[in-house]
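Heads up, the thing below is written out as C-alpha cells.
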Amino acid sequence: MTTTTAKPTSPDHPAPHKVGGIAEARAAELRAANINPRTGLATDYLNHFNEAIMLLEMIPDMPECAEDFLNWHPLSYREHFTASNFKARDLAISAYDSADEAIRAEFDNLTTTMTSILTAVGTAMRDVHQDQTRATLAERATGWVKPLVALAGGIINGGAEADVDYIMNN
C-alpha cells in the first residue's frame with residue numbers, strides 16, 4: 001500500500017487556498033495594491049514597456065516621434081517603482097524581492113529580453129536617419145516586444161494553470 005503526502009507549503013509562499021492569519025492580511029494588502037499575491041509581481045511595471053511600444057507604433061505615421069522613443073530609457077523593476085508615483089511602490093519592491101526565485105527569474109529573463117530589443121532598436125535608430133528605415137525598425141520591434149509583454153503579463157498573473165487552481169479553490 002502506498003501513501004501520498006501533500007507537498008509542504010512554505011509559510012512565505014502559501015497555497016492560494018491555504019492563506020491564513022498574517023499571510024492572509026499580506027495577500028489582501030498586495031491585492032489592494034494591484035500586486036499579485038501568488039507571484040509578488042505588479043502589472044504596473046509593464047506600463048514601462050507599453051510606453052516604448054506606443055512610441056514605436058507612432059513612428060511610421062509621425063516620424064518625429066522617433067526622438068521621443070530615443071529619449072525612452074530602460075528601467076529595472078526596482079528602478080521603475082522607485083521612480084514612479086505608484087502609491088504602493090515600496091510594497092511592490094518588497095514583494096518582488098521576496099517573490100519565488102523561479103518566477104522572478106523567468107520574469108526577469110523576459111524583461112531583460114525586451115530591454116535588449118528596445119535598446120538595440122534605439123541604437124539602430126540613432127545610426128540611421130531615413131524615416132522609412134526608422135519606421136521599419138519600429139514596426140519590427142513592436143512585433144517582437146508585444147508578445148513578450150503578454151508573456152510577462154502571464155507570469156505576473158500566475159499563468160493559466162495557477163488561475164485555474166485559484167478559481168477552483170476559491
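A few notes on this one:
- Of all residues in the stretch 78-107, those satisfying the criterion of being surrounded by fewer than 18 Cβ atoms within 10 Å (Cβ to Cβ), charged (D, E, K, R) and part of a helix (DSSP H, G or I) are Arg78, Glu79, Asp90, Asp97, Glu101, Glu106.
- In the stretch 26-65, of all residues being part of a helix (DSSP H, G or I) and either among the polar types (S, T, N, Q) or at positive phi (or both), the one that is most open to solvent (accessible area, probe 1.4 Å) corresponds to Asn47.
- Residues being within 16 Å of Asp127 (Cα to Cα) and open to solvent by less than 20 Å² (accessible area, probe 1.4 Å) - total across the stretch 66-77: 3
The values are calculated or read from the model by the stated rules, or taken from the named source; none is laboratory data. Because the structure is predicted, anything quoted here is derived from the model rather than measured. Backbone-built Cβ (ideal geometry, glycine too); neighbour counts: all protein chains shown. We work out accessible area using only protein heavy atoms, side chains counted, and drop any ligands, DNA or RNA first. Shrake-Rupley method; radii C 1.70, N 1.55, O 1.52, S 1.80 Å.
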